[in-house]
Amino acid sequence: MSTAQILHDTPFGTLALTASAGGLTRVRFGAADVESTSEPRARAVLDLARRELDAYADGTLRRFTVPVDLGRVGGEHRTILETLTDEIGHGATTTYGALAVRLGLTSDGPRRVGAAMARNPVLVVVPCHRVVGADGRLVGYAGGTEAKRALLDLESRDRAGQLTLGV
């Protein structure tokens, strides 16, 4: 599978973006070695992702439309990530436990949700930053708690005040 990669600077950090012709396959914080390719469909996905990330950072985009390719994420983890994306909207948060209940994961549910969040390959666009600890603390984010706070604050800008969560 041919992919394309770019680095993209945002107000919440530098993101390394990777895409296939089918969609974004990876979004990670921090600079990375980027291989250049001329795969036109993958480049088109990256161009759309870059525009949407900029609009998101400006506060003018509330829902990403760039396609996401979770082809390498299987089973339960994929279901958890898709449910998170579909059901926990811009400016909202949920807890690991509440998402587990929503999915009917009764046996060790919060831990299973946490494992899926930890393996989320497409940060920001698949919004695992919207999942917080049961007590509201910002825990378990690959980009670090400062990035998680910045993303949640960004999403709450148009609401009365900032999100009030423990740190």
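Counting only DSSP H runs of at least 4 residues, each contributing -39500 (n - 2.57), and dividing by the residue count of the chain, the helix-based mean residue ellipticity at 222 nm comes to -11500 deg cm²/dmol. Springs between Cα atoms under 10 Å define the GNM used for the chain, and in it the highest mean-square fluctuation of 61, 138, 81 occurs at 61. Close amide H partners of residue 61, meaning residues 5 or more places away or on another chain with modelled amide H under 5 Å apart, are 56.
Karplus-based coupling profile of region 147-152, in residue order and whole Hz: 5, 4, 4, 4, 5, 5, with θ = phi - 60° in 6.51 cos²θ - 1.76 cosθ + 1.60 and x standing for Gly or Pro.
Between the Cα long axis of helix 40-58 and the first principal axis of the chain there is an angle of about 40°, rounded to the nearest 10. Here the Karplus relation 6.51 cos²θ - 1.76 cosθ + 1.60, evaluated at θ = phi - 60°, turns the backbone of region 85-96 into coupling constants of 5, 6, 10, 10, x, 3, x, 9, 10, 9, 9, 4 Hz, with x for every Gly and Pro. Rounded to the nearest 20 debye, the dipole magnitude of region 4-58 is 160 debye, with +1 charges on Lys and Arg beta carbons, -1 on Asp and Glu beta carbons, and the Cα centre as origin. Summary value for the chain: 19 percent relative contact order, contacts being C-alpha pairs under 8 angstrom separated by 6+ residues. Using C-alpha pairs under 8 Å with a sequence gap of at least 6, the mean separation divided by the residue count of region 101-163 gives a relative contact order of 21 percent.
To the nearest Å, what is the center-to-center distance of region 110-149 and region 73-104, using C-alpha atoms only? That distance is 11 Å.
None of the figures in this text is laboratory data; all of them are computed from the coordinates on show. Computed from a prediction, not measured in an experiment: that's the story for all the values here. For neighbour counting, all protein chains shown are included, and Cβ atoms are generated from backbone atoms with ideal geometry for every residue, glycine included.
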